[in-house]
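The values are calculated or read from the model by the stated rules, or taken from the named source; none is laboratory data. Quick caveat, the model's predicted, so the values are computed rather than measured. Every residue, glycine as well, gets a Cβ built from its backbone with ideal geometry; the counts of neighbours run over all protein chains shown.
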Amino acid sequence: MGNYGFLAIAIACEVVATSLLKSTQGFSRLWPSLAVGLGYVLSFYFLSLTLRTIPTGVAYAIWSGAGIVLVSGIAWVFLHQKLDAAALIGMGLILAGVLVINLFSKTAGH
């Protein structure tokens, strides 16, 4: 598996863990808390694997940007949280930034 595959797994694990945070009820529920902990450990492990060839700043920008957009989308769909125009525009700019890094940056490790 390539380093961008590891980055995709890291993003997925972080998104699942963050999406489950509310269900831990302040880490007072065992199983959701363990799932969150495992998700974050796996996320950082796979993120660390990407750093073999992808610069830290680029990997982190992609990881955090994609995470913000995905967690916001999950919260909107499953938790019925509101996203106003400013939030949607901001997420669009985050996505645009991730695309610019991947398509045009010479440091992205292609």
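In table form, for the structure just shown:
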read-out: Residues of segment 66-105 classified as more than 14 Å from SER19 (Cα to Cα) and part of a helix (DSSP H, G or I), total; value: 20
read-out: Positions within segment 45-69 being surrounded by fewer than 14 Cβ atoms within 10 Å (Cβ to Cβ) and at pLDDT 95 or above, in sequence order; value: TYR45, SER48
read-out: Given (1) in a helix (DSSP H, G or I); (2) surrounded by 14 or more Cβ atoms within 10 Å (Cβ to Cβ); (3) in contact with a helix residue (DSSP H, G or I) (Cβ under 6 Å, 6 or more places away or on another chain), index of the condition SER23 fails; value: (2)
